[in-house]
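Asks: Take a look at this one; I'll ask things after.
The values are calculated or read from the model by the stated rules, or taken from the named source; none is laboratory data. Since we're looking at a predicted model, the values are computed, not measured. Positions of Cβ are generated from backbone atoms using ideal geometry, with glycine treated the same way; all protein chains shown enter the neighbour counts. What goes into the accessible areas is simple: the full protein's heavy atoms, side chains included, and nothing from ligands, DNA or RNA. Shrake-Rupley method; radii C 1.70, N 1.55, O 1.52, S 1.80 Å.
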Number of protein chains: 2
Amino acid sequence: MHYPALSGRTYLNYGGQGVLAQATLEAIAKGFAEVEERGSFSHANSAWFTQEIAQTKQVMAEELGVSPDTITLTENTTVGCNIALWSIDWRKGDRLLISDCEHPGVVAITRELSRRYGVIIDVFPLLQLAHQPADNQTLLQVISDYLHSNTRMLCISHVVWNTGQILPLKEIVELCHPSNILIAVDAAQSVGVLPLRLADLGIDFYAFTAHKWWCAPLGVGGLYINPAIADQVHPTYIGWRGLEGKSLGAKFEVATSAYPLYQAFRVAIATANQWGNQADRYHHLRQQAQTLWQELKCIPQINCLNPEPPQCGLVFISVAGKSALDLSRHLENHANICIRAMPHPPCLRASVHYLTTDKDLENLLTALRQL
Amino acid sequence: MHYPALSGRTYLNYGGQGVLAQATLEAIAKGFAEVEERGSFSHANSAWFTQEIAQTKQVMAEELGVSPDTITLTENTTVGCNIALWSIDWRKGDRLLISDCEHPGVVAITRELSRRYGVIIDVFPLLQLAHQPADNQTLLQVISDYLHSNTRMLCISHVVWNTGQILPLKEIVELCHPSNILIAVDAAQSVGVLPLRLADLGIDFYAFTAHKWWCAPLGVGGLYINPAIADQVHPTYIGWRGLEGKSLGAKFEVATSAYPLYQAFRVAIATANQWGNQADRYHHLRQQAQTLWQELKCIPQINCLNPEPPQCGLVFISVAGKSALDLSRHLENHANICIRAMPHPPCLRASVHYLTTDKDLENLLTALRQL
């Protein structure tokens with residue numbers, strides 16, 4: 001399978017945005033052209049849109065291990081997080097718990113909830129645990145210490161974007177659900193990485209995007225909502241699509257989207273499944289990330305921030321005396337290596353995918369050794 | 001200019017969705033391919049996205065007669081209406097006035113505002129005025145009769161989707177602004193139809209989409225916010241794009257969109273401007289709509305619901321003894337005529353565009369005469 005972005009380039013930014021297979025690119029063009037052929041606003045297209053939405057939710061649901069009725073199609077992860085965070089009847093003095101590693105966009109939502117409803121935002125220290133081997137008991141104790149009798153929601157990442165920690169969602173649910181605390185998950189860095197059976201985890205919201213690790217087009221994402229909380233949640237942004245939709249997920253959709261991208265999304269997932277199943281993809285991705293981790297440890301001026309072999313695709317690297325942003329620019333401009341500079345903690349983040357080759361890893365290592 | 005959807009088809013559904021020029025279709029494919037060529041998540045694409053967003057707002061702003069800083073890019077009209085309706089600090093007992101002709105999606109938002117904040121929704125009768133010649137004084141009196149001391153917002157359409165009425169926004173602003181009532185406008189049926197100089201109207205919000213009369217891709221829309229109210233409004237759905245953005249409009253954007261569609265949007269606008277300027281396009285569109293109106297009056301079994309020559313592209317038709325939905329399906333399947341069935345009042349809605357030819361009108365008239 002040909003991925004144009006990978007030609008002549010070492011690509012290590014899947015956590016920011018994936019790369020499109022040629023077949024996915026062709027599906028985008030074909031999808032938009034076919035809408036015109038079927039007459040744009042026509043009964044033929046209306047039937048097609050309905051079917052596209054259903055098929056797309058079906059594919060997302062299969063990848064996540066849930067029912068298609070629980071899926072809301074969105075534009076990106078952040079819209080899903082917004083739907084979740086705005087969905088309950090917040091009262092003044094209610095508390096919302098987040099970690100100190102959540103994405104700035106999510107943090108900004110919680111600030112507005114605080115301003116508008118008087119919700120108290122608690123922040124538990126997760127970053128400090130990133131530099132020691134994963135220890136679920138300690139993590140659960142920290143979370144537990146930050147829960148109050150009026151905590152109503154916990155909003156956390158499944159895979160933490162700036163540390164690569166994988167949070168034990170099932171255990172967190174077991175800790176919080178007895179106190180009726182809802183669990184909203186930012187899944188930007190887990191979907192397309194970890195094998196998932198969401199129905200087994202018991203989480204309440206799971207917001208994800210298709211354009212990162214799934215290598216699908218920009219502008220396609222989704223949200224899973226646990227049917228057990230259907231009576232507790234309400235859409236905030238509302239439109240005709242939510243009114244017409246019969247399922248829980250559809251209620252949270254708004255209006256017209258770039259529907260032809262849905263077909264391209266399914267081509268991207270089919271392409272991934274041709275490579276291997278979720279477990280195979282995860283196994284290879286982790287193997288490549290661990291290989292990189294091992295090799296990085298042998299370069300004297302490099303500090304690899306992951307304290308133990310990475311369990312997902314995110315590998316964090318700092319180089320003594322160098323600015324991460326300058327390094328990232330330098331590697332892109334002089335070595336055709338795409339690797340992201342993180343603001344906090346300041347470092348480079350290599351996103352290793354199952355598409356990442358041994359040659360890609362060697363290119364990065366060579367460039368780092370030459371610094 | 002070639003529009004694939006117009007080949008062998010009489011297209012009269014611009015009010016639902018426009019048709020894409022071949023050049024616009026090609027720009028979509030090219031845009032997505034070029035993102036891959038520039039390395040997906042790369043510094044090169046980051047600079048490109050920033051420029052794309054700026055250029056797109058510039059083009060929208062020129063078409064609307066406002067400053068680019070006042071434009072928020074959205075997915076569709078309804079998202080813009082949601083941003084507006086959720087943006088102020090509603091208090092229990094505040095009143096929101098809408099007409100009885102607003103889109104069901106907008107009505108649903110007001111219901112949720114009522115449920116969540118205790119906002120009282122008032123509905124003024126606009127439909128009853130649709131069957132008599134336009135009379136701004138009567139309309140302004142009706143609106144005035146429905147204003148209360150605690151009315152904080154009026155949400156109306158510029159061109160009414162189910163009647164074609166054009167509301168006198170400047171006069172409505174003059175009526176409402178002295179009482180600090182904000183004016184939010186659903187512009188789904190006016191953008192791409194009426195020549196616009198929004199800065200002269202004084203309205204507070206103007207929510208629009210690019211995929212209808214502008215004949216641009218699905219999934220691109222916008223919202224104008226009057227800079228005079230910048231201190232009164234807050235974003236609800238929030239994300240990194242809103243945090244990074246410096247302008248009023250950017251504050252209301254959320255996260256990743258299908259950016260390559262922006263380039264295609266600008267190709268669509270450039271294509272429209274090649275045909276003629278806003279005034280020329282409007283003049284021709286209105287002329288075609290009025291020709292249709294005249295001809296319809298000569299068909300005995302037809303009732304054209306517009307009481308006087310249409311001033312925009314919407315022409316409403318009922319056929320004695322026939323269901324509009326059946327007729328719409330029949331015309332699409334047997335005569336390749338795309339014309340929409342409206343739920344209320346039940347009728348056909350012909351959307352006449354400057355691209356609509358005399359032959360298109362004759363095809364519709366012939367089919368209607370044969371019923």
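Asks: Quick check on my filter: what residues within the stretch B:26-85 are polar (S, T, N, Q), in contact with a Phe, Trp or Tyr (Cβ under 9 Å, 6 or more places away or on another chain) and open to solvent by 30 Å² or more (accessible area, probe 1.4 Å)?
Replies: B:Q55
Asks: OK, next. Based on what the data block shows, is B:V173 assigned to a strand (DSSP E or B) and among the β-branched types (V, I, T)?
Replies: Values: assigned to a strand (DSSP E or B): no; among the β-branched types (V, I, T): yes.
For B:V173, the condition - assigned to a strand (DSSP E or B) and among the β-branched types (V, I, T) - is not met.
Asks: Looking at the stretch A:200-253, which of its residues are surrounded by fewer than 23 Cβ atoms within 10 Å (Cβ to Cβ), closer than 17 Å to A:V79 by Cβ and among the basic types (K, R)?
Replies: Matches in the stretch A:200-253: A:R241, A:K251.
Asks: Could you tell me which residue of the stretch A:224-234 is nearest to the chain's Cα centre (by Cα), considering only residues that are more than 7 Å from chain B (Cβ to nearest Cβ) and within 22 Å of B:R111 (Cβ to Cβ)? Outline the logic, then answer.
Replies: Taking the stretch A:224-234 first, the residues more than 7 Å from chain B (Cβ to nearest Cβ) are A:224-233.
With the extra rule that they be within 22 Å of B:R111 (Cβ to Cβ), the set shrinks to A:225, A:229-233.
Details: A:I225: 15, A:I229: 22, A:A230: 23, A:D231: 26, A:Q232: 24, A:V233: 22 Å.
Per the criteria, the residue is A:I225.
The rows are residues; the columns are (1) farther than 15 Å from B:D360 by Cβ; (2) modelled with pLDDT under 95; (3) acidic (D, E).
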| site | (1), (2), (3) |
| --- | --- |
| B:G276 | yes, no, no |
| B:T291 | no, no, no |
| B:Q301 | yes, yes, no |
| B:C312 | yes, no, no |
| B:L331 | no, no, no |
| B:A335 | no, no, no |
| B:L348 | no, no, no |
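Asks: Just one of (1) closer than 23 Å to B:L73 by Cα; (2) assigned to a loop (DSSP other than H, G, I, E, B) trips up B:T163, so point out which.
Replies: Among (1) closer than 23 Å to B:L73 by Cα; (2) assigned to a loop (DSSP other than H, G, I, E, B), B:T163 violates only (1).
Asks: Does A:I172 satisfy being over 18 Å from A:C81 (Cβ atoms) and either β-branched (V, I, T) or open to solvent by 20 Å² or more (accessible area, probe 1.4 Å) (or both)?
Replies: On the way: over 18 Å from A:C81 (Cβ atoms): no; either β-branched (V, I, T) or open to solvent by 20 Å² or more (accessible area, probe 1.4 Å) (or both): yes.
Spelling it out, it is not the case that A:I172 is over 18 Å from A:C81 (Cβ atoms) and either β-branched (V, I, T) or open to solvent by 20 Å² or more (accessible area, probe 1.4 Å) (or both).
Asks: Among the numbered conditions (1) surrounded by fewer than 24 Cβ atoms within 10 Å (Cβ to Cβ); (2) farther than 30 Å from A:D200 by Cβ; (3) not basic (K, R), tell me where A:Y11 comes up short.
Replies: (1)
Asks: Which members of the stretch A:235-257 meet the condition of being without any contact (Cβ under 8 Å) to a residue 60 or more places away in the chain and within 10 Å of another protein chain (Cβ to nearest Cβ)?
Replies: Result: A:I238, A:G239, A:W240, A:R241, A:G242, A:L243, A:E244, A:V254, A:A255, A:T256.
Asks: Which one is farthest from A:V220 (Cα to Cα), of the residues in the stretch A:1-13 that are more than 8 Å from chain B (Cβ to nearest Cβ) and modelled with pLDDT of 95 or more?
Replies: Within the stretch A:1-13, the subset more than 8 Å from chain B (Cβ to nearest Cβ) is A:1-2, A:6-8, A:10, A:12.
From what's left, modelled with pLDDT of 95 or more: A:2, A:6-8, A:10, A:12.
Details: A:H2: 21, A:L6: 22, A:S7: 24, A:G8: 27, A:T10: 25, A:L12: 21 Å.
Across the stretch A:1-13, the extreme among qualifying residues is A:G8.
Asks: Can you name every residue in the stretch B:117-151 that is assigned to a helix (DSSP H, G or I) and touching a residue at least 12 places away in the same chain (Cβ under 8 Å)? Show your work before the answer.
Replies: So the first thing to find is which residues in the stretch B:117-151 are assigned to a helix (DSSP H, G or I), and the list is B:117, B:127-129, B:136-145.
If the condition is that a residue be assigned to a helix (DSSP H, G or I) and touching a residue at least 12 places away in the same chain (Cβ under 8 Å), then B:Y117, B:L127, B:L129, B:N136, B:L139, B:L140, B:V142, B:I143, B:S144, B:D145 are the ones that fit.
Asks: Among the residues of the stretch A:72-120, which ones are within 9 Å of chain B (Cβ to nearest Cβ) and farther than 30 Å from A:G16 by Cβ?
Replies: A:D89, A:R116
Asks: Has the stretch A:325-333 got at least one residue that is touching a helix residue (DSSP H, G or I) at 6+ places or on another chain (Cβ under 9 Å), assigned to a loop (DSSP other than H, G, I, E, B) and without any contact (Cβ under 8 Å) to a residue 60 or more places away in the chain?
Replies: There is no residue in the stretch A:325-333 that is touching a helix residue (DSSP H, G or I) at 6+ places or on another chain (Cβ under 9 Å), assigned to a loop (DSSP other than H, G, I, E, B) and without any contact (Cβ under 8 Å) to a residue 60 or more places away in the chain.
Asks: Looking at (1) open to solvent by less than 50 Å² (accessible area, probe 1.4 Å); (2) within 23 Å of B:E174 (Cα to Cα), find the lone condition where B:Y146 falls short.
Replies: Looking at each condition in turn, B:Y146 falls short on (1).
Asks: Could you say which residue among B:E26, B:E52, B:E63, B:E102 is part of a helix (DSSP H, G or I), under 26 Å from B:G164 (Cα atoms) and at pLDDT 95 or above? Full working, then the answer.
Replies: Details: B:E26 fails: under 26 Å from B:G164 (Cα atoms); B:E52 fails: under 26 Å from B:G164 (Cα atoms); B:E102 fails: part of a helix (DSSP H, G or I).
Of the residues listed, the single one that is part of a helix (DSSP H, G or I), under 26 Å from B:G164 (Cα atoms) and at pLDDT 95 or above is B:E63.
Asks: Within the group A:R266, A:R281, which residue is under 20 Å from A:P217 (Cβ atoms), of a type in the set (D, E, K, R) and in contact with a Phe, Trp or Tyr (Cβ under 8 Å, 6 or more places away or on another chain)? Break it down into steps so the answer makes sense when it comes.
Replies: Details: A:R266 fails: in contact with a Phe, Trp or Tyr (Cβ under 8 Å, 6 or more places away or on another chain).
Matching residue, one of A:R266, A:R281: A:R281.
Asks: Follow-up question, since we're still on this one. Report yes if A:H344 is away from every other protein chain (no Cβ under 11 Å), out of contact with any Asp or Glu (no Cβ under 9 Å at 6 or more places or on another chain) and modelled with pLDDT under 95, otherwise no. Even if it seems obvious, please write down each step before you answer.
Replies: Values: away from every other protein chain (no Cβ under 11 Å): yes; out of contact with any Asp or Glu (no Cβ under 9 Å at 6 or more places or on another chain): yes; modelled with pLDDT under 95: yes.
Here the answer is yes, as A:H344 does meet what is asked.
Asks: Just for the stretch A:256-310: of the residues that are among the β-branched types (V, I, T) and crowded, with 20+ Cβ neighbours inside 10 Å, which one is nearest to A:V35 (Cα to Cα)?
Replies: First, the residues of the stretch A:256-310 that are among the β-branched types (V, I, T): A:256, A:267, A:269, A:271, A:291, A:299, A:302.
Applying the additional criterion that residues be crowded, with 20+ Cβ neighbours inside 10 Å yields A:256, A:267, A:269, A:271.
On the way: A:T256: 14, A:V267: 17, A:I269: 22, A:T271: 23 Å.
Among those that are among the β-branched types (V, I, T) and crowded, with 20+ Cβ neighbours inside 10 Å, it is A:T256.
Asks: Inside the stretch B:273-323, can you point out the residues that are over 22 Å from the mean Cα position of the chain (by Cα) and polar (S, T, N, Q)?
Replies: B:T291, B:Q294, B:Q301, B:N303, B:S318, B:S323
Asks: Sticking with this structure for a sec: Please enumerate the residues belonging to the stretch B:39-93 that are under 30 Å from B:R111 (Cα atoms) and among the β-branched types (V, I, T).
Replies: Answer for the stretch B:39-93, where residues must be under 30 Å from B:R111 (Cα atoms) and among the β-branched types (V, I, T): B:T70, B:I71, B:T72, B:T74, B:T77, B:T78, B:V79, B:I83, B:I88.
Asks: Answer yes or no: is there a residue in the stretch B:275-283 that is within 9 Å of another protein chain (Cβ to nearest Cβ) and among the hydrophobic types (A, V, I, L, M, F, W, C). Let's see the steps before the verdict.
Replies: Residues of the stretch B:275-283 within 9 Å of another protein chain (Cβ to nearest Cβ): none.
The answer is no; no qualifying residue exists.
Asks: Among the residues of the stretch B:29-44, which ones are part of a helix (DSSP H, G or I) and within 8 Å of chain A (Cβ to nearest Cβ)? Talk me through it step by step, then tell me what you get.
Replies: So the first thing to find is which residues in the stretch B:29-44 are part of a helix (DSSP H, G or I), and the list is B:29-37, B:43-44.
If the condition is that a residue be part of a helix (DSSP H, G or I) and within 8 Å of chain A (Cβ to nearest Cβ), then B:A29, B:F32, B:A33, B:V35, B:E36, B:E37, B:H43, B:A44 are the ones that fit.
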